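The values are calculated or read from the model by the stated rules, or taken from the named source; none is laboratory data. Since this is a predicted model, take the numbers as computed values, not measurements. Note: ideal-geometry Cβ built from the backbone for every residue, glycine included; neighbour counts use all protein chains shown.
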Ligand code: C2E
Ligand code: MG
Ligand code: MG
């Protein structure tokens, strides 16, 4: 460096000599031109040559000097024109040697994604980004600033006599410059920054200050990277929308495919995203669309995927080549693929859960029409929602169930108006008396063709649709009408147990008001009613159930816990229970009695009796079981051993036949 400046000085000094020569030659030339005869005429060309040589020498020395000046300037700068690492180190050394480092600020910068730019667009474009960024940094500087590039895409500004606010303002200025540039740039710039100041409350030595700024910069980098990934995922996936294919177009494509692909074994898949509306609700439509687009792309990328269509909304159709696979293999592959797709989507988007419900249908029967295949795959897709694996392959049984479900849902209202629902009675027998002491009311749906549908075929479905509320109220009304008629006719009657669906708990007041109105209308003795609420319902909403029980208790209506022990049992529920009665599920005795089973029942009875609950056992089919339960003190028994559920007329007849000789408590003389 020293040598370089000496050379500059020599150049500068050397320039005087040709300059003097030039002046001298010009003066001599002047004399030779105007003094007649004193100088030889041959001297003039010589002097002219001297002038030219002096000018040339002067020019060469001038260029040499500038070159040396530039070289020595470049010694501490790099291609970006700012100071380099050496200069930075020298400056830092000076700062470290100072007695204090008060009010010194350090800002560290790092360009984001430069490697990708280099890899994708070449190093020229990468260099351009660095230079552009360096020029923006230069524009944020003041007279107290020292800017250096100390790594490929890393820069530092050391700002003396500064404050955190000043550094924040410099960063804001830089952000504005970069944002303006990015608006039109083909390769936008993004940077991470970290800074801190060594000030009185917060005093750092230079090395600590560097470290703090560096850590902050890396935190910023990580945060920005995440943001950019999300934004990139969004923009990649939202910038287009996949037009849905109409059912007619899909049918005709499938037909073409079926005609052409006799060589292939193919699986038709119909898929949708479980609870997709929740993604829209929680993250907005833009994210929702992006997720769907990403889902579509992922389906297309699946190995052996032949074609993918968006059917409608979040429902997609795909054809998978399963040549060489068994159906089970194929379904296993679909499940693996689904899990991978779901995983990728959860990693790419801010969604916490992503479930793909898939219906599958092999295109194996040439007699089946394309539109039927579509219906089959759709049926399987809906069934998949009830499966733990979220994958279901179409079967004929599934189609039958689906038709039945459709029939239930669509004919319910009409059936209710036409009185297709009938109440059946299953008598309960007193453990001590052996007589009919009460009965459970069970609904039956008698179809116009005389087929009788059992509750298992329609109650769960009506619970899904919410229609069970109206069905229950209809059943209660029929039961109260029976009571009212029997009372008016002076006939024997017994208390009735009525099933209460958990769907009512969504609107408990509505139920209370409706039951109140029915009780008033039919002048029902409320102590002749027991509502059966399943244990599972209690566990799901204990507060609402207890609130309802309290309201029923005020009206002297008793409550029974139905199906106790059917799978959800916890002894803890018994602790908080407000029920009057516990009805042991038939599972306790379904497989007969075992020594361990007997102990469980004995201890349970003991517990319930100490809690003053009456005990009913259902599903009694053998004398062995009934003898045991009666011996252990069961209050009431219900089961096929005694009576099956019977229609109203049969029940009336039964009550007549079995009327006890002694006056029945519930017979009221007209
Ligand atoms: P649940 O309340 O536990 O009713 C008892 C079920 O057990 C009845 O089936 C009955 O026929 C059956 N059962 C009784 N004794 C025996 C036996 O010894 N062996 C066997 N294997 N079964 C026996 P059902 O009538 O098919 O009713 C099924 C379920 O449907 C009922 O279970 C109840 O949860 C529901 N349900 C019935 N009617 C109504 C209603 O009006 N409203 C509501 N919400 N649910 C109802
Ligand atoms: Mg019941
Ligand atoms: Mg039950």
For segment 486-602, which fully contained helices (runs of 4 or more DSSP H) count at least 3 residues that are away from ligand 3 (no atom under 16 Å from the Cβ)? 508-522, 542-554, 571-576
Checking 331, 320 in turn, the sole residue that is surrounded by 16 or more Cβ atoms within 10 Å (Cβ to Cβ) and part of a helix (DSSP H, G or I) turns out to be 331
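Report yes if residue 468 is within 41 Å of the chain's Cα centre (by Cα), within 24 Å of residue 406 (Cβ to Cβ) and within 11 Å of ligand 1 (Cβ to nearest atom), otherwise no.
yes
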Filter result (in a helix (DSSP H, G or I) and out of contact with any strand residue (DSSP E or B) (no Cβ under 6 Å at 6 or more places or on another chain)) within segment 86-116: 86, 89, 90, 92, 93, 94, 95, 96, 97, 114, 115, 116
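For (1) assigned to a helix (DSSP H, G or I); (2) surrounded by 21 or more Cβ atoms within 10 Å (Cβ to Cβ), each residue gets a yes or a no:
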site: 341; (1), (2): yes, no
site: 346; (1), (2): yes, no
site: 350; (1), (2): no, no
site: 359; (1), (2): no, yes
site: 365; (1), (2): no, no
site: 368; (1), (2): no, no
site: 377; (1), (2): yes, yes
site: 380; (1), (2): yes, yes
One residue from 495, 448, 502 being more than 44 Å from the chain's Cα centre (by Cα) and within 21 Å of residue 584 (Cα to Cα): 495
Condition check: more than 16 Å from ligand 2 (Cβ to nearest atom) and either in contact (Cβ under 8 Å) with a residue 12 or more places away in the chain or under 18 Å from residue 442 (Cβ atoms) (or both). Does residue 541 satisfy that? yes
Would you mind finding the one in 399, 406, 415 that is modelled with pLDDT of 95 or more and assigned to a helix (DSSP H, G or I)? 415
Single residue of segment 438-469 satisfying the filter (in contact (Cβ under 8 Å) with a residue 24 or more places away in the chain and surrounded by fewer than 15 Cβ atoms within 10 Å (Cβ to Cβ)) that is farthest from ligand 3 (Cβ to nearest atom): 448
Which members of segment 603-634 meet the condition of being in contact with a helix residue (DSSP H, G or I) (Cβ under 9 Å, 6 or more places away or on another chain) and away from ligand 1 (no atom under 16 Å from the Cβ)? 604, 605, 607, 608, 611, 613, 614, 632, 633
Hey, can you tell me all the residues within segment 470-485 that are crowded, with 18+ Cβ neighbours inside 10 Å and free of Cβ contacts under 8 Å to residues at least 40 places away in the same chain? 472
Answer yes or no as to whether residue 148 is in a helix (DSSP H, G or I), closer than 18 Å to residue 93 by Cα and in contact (Cβ under 8 Å) with a residue 40 or more places away in the chain. no
Filter segment 300-311 for residues that are within 14 Å of residue 341 (Cβ to Cβ) and touching a helix residue (DSSP H, G or I) at 6+ places or on another chain (Cβ under 7 Å); which is surrounded by the most Cβ atoms within 10 Å (Cβ to Cβ)? 308
Check segment 192-209 and report whether any residue there is at pLDDT 90 or above, within 24 Å of residue 128 (Cβ to Cβ), part of a strand (DSSP E or B) and under 34 Å from the mean Cα position of the chain (by Cα). yes
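Anything in segment 612-634 that is assigned to a loop (DSSP other than H, G, I, E, B), out of contact with any strand residue (DSSP E or B) (no Cβ under 6 Å at 6 or more places or on another chain) and away from ligand 2 (no atom under 15 Å from the Cβ)? List them, or say none. It would help to see each step written out before you state the result.
First pass over segment 612-634, keeping only residues assigned to a loop (DSSP other than H, G, I, E, B): 612-613, 619-622, 632-634.
Retained after the next criterion (residues that are out of contact with any strand residue (DSSP E or B) (no Cβ under 6 Å at 6 or more places or on another chain)): 612, 619, 621-622, 632-633.
Of everything in segment 612-634, those that are assigned to a loop (DSSP other than H, G, I, E, B), out of contact with any strand residue (DSSP E or B) (no Cβ under 6 Å at 6 or more places or on another chain) and away from ligand 2 (no atom under 15 Å from the Cβ) turn out to be 612, 621, 622, 632, 633.
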Picking from 546, 572, 499, which residue would you name as being exposed (fewer than 14 other Cβ atoms within 10 Å of the Cβ) and within 30 Å of residue 603 (Cβ to Cβ)? 572
For residues in segment 575-587 being in contact (Cβ under 8 Å) with a residue 12 or more places away in the chain and away from ligand 2 (no atom under 15 Å from the Cβ), which is surrounded by the fewest Cβ atoms within 10 Å (Cβ to Cβ)? 576
So, in segment 379-409, of the ones that are touching a residue at least 40 places away in the same chain (Cβ under 8 Å) and out of contact with any strand residue (DSSP E or B) (no Cβ under 7 Å at 6 or more places or on another chain), which residue ends up nearest to residue 362 (Cα to Cα)? 389
Tally, over segment 635-663, of residues that are buried (at least 17 other Cβ atoms within 10 Å of the Cβ), more than 14 Å from ligand 1 (Cβ to nearest atom) and either part of a loop (DSSP other than H, G, I, E, B) or under 50 Å from the mean Cα position of the chain (by Cα) (or both): 1
Need the failing condition index for residue 511 against (1) within 20 Å of residue 426 (Cβ to Cβ); (2) surrounded by 21 or more Cβ atoms within 10 Å (Cβ to Cβ), just the number. (1)
Residue 183 being modelled with pLDDT under 95, in contact with a strand residue (DSSP E or B) (Cβ under 9 Å, 6 or more places away or on another chain) and either surrounded by 19 or more Cβ atoms within 10 Å (Cβ to Cβ) or not in a loop (DSSP other than H, G, I, E, B) (or both): no
